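To start, the structure itself, in structure tokens.
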Amino acid sequence: MNPWLNGLFAILADAGHRVSWVNAPAEVPEGDLCFILNCSKLVKPDVLSRNTHNLVIHASDLPKGKGWSPWTWLIVEGSNEIPLTLFEAEASVDSGVIYLQKWVQFKGDELIDEIRKTLAEEMVKMCQQFVEDYPDIVQQGRVQVGPESYYPRRCPANSALDPDKSISQQFNLLRVVDNDRYPAFFEHNGCRYVLKIEKSYA
């Protein structure tokens, strides 16, 4: 998120807001709004108490898809419509009041960097909208309803390809592998082979 947070920081500062950007929950100062974006750690109640509202954006239609890497799992499952939900952070994971939702449509040919870029841009817009509509937007909040579901944390093993399946059958998995951090791979005759994917514009 960092390249896009630079833009959000500038937008809010230019609008006259006092803005701080920290990289660890312990560093969070007191204030009105705290946006917790792309944070892999649970934020403890004593940190949440420092701000009037603590806001998270999760890429699922909560309460469905709580947990880890929701948009990645959705792409692998074959979805090209990714929901973004801006909600209040609570001690219980991904359970707070929902303030904003939008659905981001993809064509189905985008790879991970394109998907990340699009989602990050939309998240920045949602943060900006919340600030612009605050405090009235708080009155529009709604509690989460419906059955819950949870995604597990993804790990490098989730980038495994099945050599007996076609590329087409596994293309959605190839869309979300990271060539550097968790590349696609398959095993054959006792050996592991790594595959890297990039889009050609030639």
Exercise for the section: Give the dimensionless ratio obtained when the Cα radius of gyration of the range 138-202 is divided by 2.2 N^0.38 Å. Expected result: 1.65
Practice task
With springs only between Cα atoms under 10 Å apart, run a GNM on the chain and tell me which of Gly67, Gly146, Gly78 wobbles the most.
Solution key: Gly146
Exercise for the section: Mind jotting down the distance between the C-alpha centroids of the range 84-125 and the range 9-82, whole Å? Expected result: 10 Å
Fill in the blank from the handout: Normalised per residue, the volume inside the convex hull of the alpha-carbon atoms of the range 76-126 in Å³ amounts to 97 Å³
Exercise for the section: Treat each spin label as a single point 7 Å out from the Cα along the C-beta direction, and report the Leu111 to Tyr150 distance in nm. Expected result: 3.4 nm
Exercise for the section: For the range 3-96, list log₁₀ I(q)/I(0) at each q in 0.11, 0.21 Å⁻¹, using the Debye formula over Cα point scatterers of equal strength and ignoring solvent, two decimals each. Expected result: -0.36, -1.12
Exercise for the section: Hand me the GluC sites (Glu not before Pro) from the range 147-202 located in a DSSP loop with no more than 16 other Cβ atoms within 10 Å, in residue order please. Expected result: Glu148, Glu198
Handout entry: For the range 1-58: rounded, prolate or oblate by the Cα gyration tensor [a/c cutoff 1.5]
Key = oblate
Exercise for the section: Please pull out the direction-averaged projected area of the range 52-96, using the convex hull of its alpha-carbon atoms, in nm² to one decimal place. Expected result: 2.9 nm²
Exercise for the section: Please go through the range 17-96 and write out the trypsin sites (Lys or Arg not before Pro) that DSSP classes as loop and that have at most 11 other C-beta atoms within 10 Å. Expected result: Arg18, Lys41
Handout entry: Among beta bridges that DSSP assigns inside the chain, antiparallel share in %, nearest 5
Key = 70 percent
Completion exercise
Excluding ligands, DNA and RNA, the carbon-plus-sulfur percentage of the accessible area of the chain with a 1.4 Å probe reads 50 percent
Handout entry: Whole-Hz ³J(HN,Hα) from phi, Karplus 6.51 cos²θ - 1.76 cosθ + 1.60, for the range 53-58, glycine and proline x
Key = 9, 10, 10, 10, 10, 10
Problem - Rg [Å, one decimal], Dmax [Å, integer] - the range 93-202, C-alpha atoms - result: 19.1, 62
Practice task
Hey, can you grab everything whose amide H is under 5 Å from the amide H of Asn54? Only 5+ residues off in sequence or another chain; H modelled, so Pro and N-termini drop out.
Solution key: Cys34, Ala89
Exercise for the section: With r as the distance between the Cβ atoms of Phe171 and His17 and R0 = 35 Å, compute the FRET efficiency 1/(1 + (r/R0)^6) and round to 0.05. Expected result: 0.25
Practice task
Tell me the chymotrypsin sites (Phe, Trp or Tyr not before Pro) within the range 1-40 that lie in a loop according to DSSP and have at most 15 other beta-carbon atoms within 10 Å.
Solution key: Trp21
Problem - Local electrostatic count, Gln129, Cβ distance below 12 Å [Lys/Arg +1, Asp/Glu -1] - result: -2
Problem - Per residue, in Å², the accessible surface of the chain once ligands and nucleic acids are set aside, probe 1.4 Å - result: 59 Å²
Problem - Surrounding net charge for Pro25, when Lys and Arg each add one and Asp and Glu each subtract one, Cβ distance under 14 Å - result: 0
Practice task
With r as the distance between the Cβ atoms of Glu187 and Val138 and R0 = 35 Å, compute the FRET efficiency 1/(1 + (r/R0)^6) and round to 0.05.
Solution key: 0.10
Exercise for the section: Compute the acute angle (0 to 90°) between the alpha-carbon long axis of helix 2-14 and the principal axis of greatest extent of the alpha-carbon atoms of the chain; round to the nearest 10°. Expected result: 20 degrees
Fill in the blank from the handout: Other residues with Cβ under 12 Å from the Cβ of Cys34 give, with Lys and Arg +1 and Asp and Glu -1, a net charge of -3
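The values are calculated or read from the model by the stated rules, or taken from the named source; none is laboratory data. Here the structure is a predicted model, which is why all the values come from computation and not from measurement. As a convention, Cβ positions derive from the backbone with ideal geometry for all residues, glycine included, and neighbour counts pool all protein chains shown. Ligands, DNA and RNA are excluded from the accessible area calculation, which covers all protein heavy atoms including side chains. Shrake-Rupley method; radii C 1.70, N 1.55, O 1.52, S 1.80 Å.
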